[in-house]
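Structure, as structure tokens:
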Amino acid sequence: MTWTARRMFELLEPICLVTFFADECNEEMAALGHRTYWDGYFASRAAPLGRVPAQVVHAAFYSFADGEAARHIPSAWETIPPEASVAARERGSAASVRRILGDELADSPGLVRAADLTTKAATSAPTEGRVMYAGMRTLPVPSDPVARLWHSATMLREHRGDGHVAALVGARIGGTEAHVLSALEQGIHPPESFGRIHHLPKKRLAAVMEGLRERGLVDTDGRFTDAGRETKQRIEALTDELAAPPYGALSPAELDELVAELEPLTATLVAAGSQ
């Protein structure tokens with residue numbers, strides 16, 4: 001099942017990425033009145049949690065630096081209800097998936113079947129300890145197959161994300177540290193140039209790098225040590241293990257069918273860069 005979780009992540013992630021890369025979601029957020037991309041991001045992704053304070057959003061999202069959530073929450077909800085933001089995210093994301101796939105794939109029996117099986121998996125896992133996933137589970141599942149596929153893929157993404165946070169906490173790797181390790185895994189050097197953290201104060205980044213050096217996870221040149229690489233691999237392996245439970249709801253035949261139906265959809269999204 002660990003292998004299954006990794007394969008499903010590879011197949012479902014391009015569906016989820018339209019939310020962040022394609023134009024339609026941003027356009028829906030702007031039409032509501034959100035001033036920036038990040039206003040819309042925080043407002044819509046955190047909306048299933050309810051009107052929680054920035055500290056709760058920061059804890060649940062985990063990977064953002066101190067103060068980043070507070071720049072958008074709760075101000076992004078003051079004139080735009082959270083419910084409106086999350087609905088706009090779904091509309092825009094589903095529209096992106098449909099545009100990229102084209103009518104032939106978007107209206108195909110294979111997509112309907114993929115949406116049904118993905119939803120079966122996404123609605124089957126325990127919610128205990130899965131804050132973001134539990135929030136998504138409170139939302140209604142769309143009836144439109146394209147929207148349902150995106151929605152269920154995103155539920156599974158948040159389920160996996162909750163497990164990834166647990167793996168990071170267990171390894172004593174903070175959010176900014178996690179971005180450094182991801183940058184190094186992607187071959188980005190110096191890791192401080194990574195797009196998710198390059199904007200942070202240089203003093204803050206220097207402290208993070210120094211802490212990783214003291215723990216023996218990066219060397220003096222800011223590259224992986226053997227211990228650092230092993231730590232990253234261990235976190236990813238545990239993330240896969242913790243992401244497996246939803247797929248236990250599917251029979252082996254259903255899993256094979258889901259992979260077969262998703263493969264052409266994912267290939268089309270990957271070719272377009274999910275945008």
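The values are calculated or read from the model by the stated rules, or taken from the named source; none is laboratory data. Computed from a predicted structure; not experimentally measured. Cβ sites come from the backbone with ideal geometry, for glycine too, and all protein chains shown count toward neighbours. Side chains included, ligands, DNA and RNA excluded: accessible areas come from the protein's heavy atoms. Shrake-Rupley method; radii C 1.70, N 1.55, O 1.52, S 1.80 Å.
Computed values, structure above
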quantity	calculated
Search result, residues across the range 52-62 that are open to solvent by 30 Å² or more (accessible area, probe 1.4 Å) and either of a type in the set (S, T, N, Q) or assigned to a helix (DSSP H, G or I) (or both)	Q55, V56, H58, A59
Only listed residue being closer than 27 Å to F194 by Cα, touching a His at 6+ places or on another chain (Cβ under 6 Å) and either at pLDDT 95 or above or among the hydrophobic types (A, V, I, L, M, F, W, C) (or both), chosen from A60, A69, A65	A69
Residue within the range 230-246 that is more than 22 Å from the chain's Cα centre (by Cα), among the basic types (K, R) and surrounded by 13 or more Cβ atoms within 10 Å (Cβ to Cβ) present	no
Test: residue in the range 251-270 that is open to solvent by less than 50 Å² (accessible area, probe 1.4 Å) and outside any helix (DSSP H, G or I)	yes
Residue check for A46: under 30 Å from E236 (Cβ atoms) and out of contact with any strand residue (DSSP E or B) (no Cβ under 9 Å at 6 or more places or on another chain)	yes
Segments classed as helices (runs of 4 or more DSSP H), wholly inside the range 1-47, with at least 1 members that are among the acidic types (D, E)	2-16, 23-32, 37-46
Complete set of residues in the range 16-51 that are open to solvent by less than 30 Å² (accessible area, probe 1.4 Å) and either at positive phi or aliphatic (A, V, I, L, M) (or both)	V18, A22, M29, A43, A46, A47, G50
From L269, L238, L255, residue being touching a residue at least 40 places away in the same chain (Cβ under 8 Å), under 25 Å from E10 (Cα atoms) and in contact with a Pro (Cβ under 9 Å, 6 or more places away or on another chain)	L269
Condition check for T138: at pLDDT below 95 and either exposed (fewer than 15 other Cβ atoms within 10 Å of the Cβ) or touching a strand residue (DSSP E or B) at 6+ places or on another chain (Cβ under 7 Å) (or both)	no
Complete set of residues in the range 73-128 that are of a type in the set (G, A, S), surrounded by 20 or more Cβ atoms within 10 Å (Cβ to Cβ) and not in a helix (DSSP H, G or I)	A125
Residue tally, condition in a helix (DSSP H, G or I) and of a type in the set (D, E, K, R), over the range 129-144	1
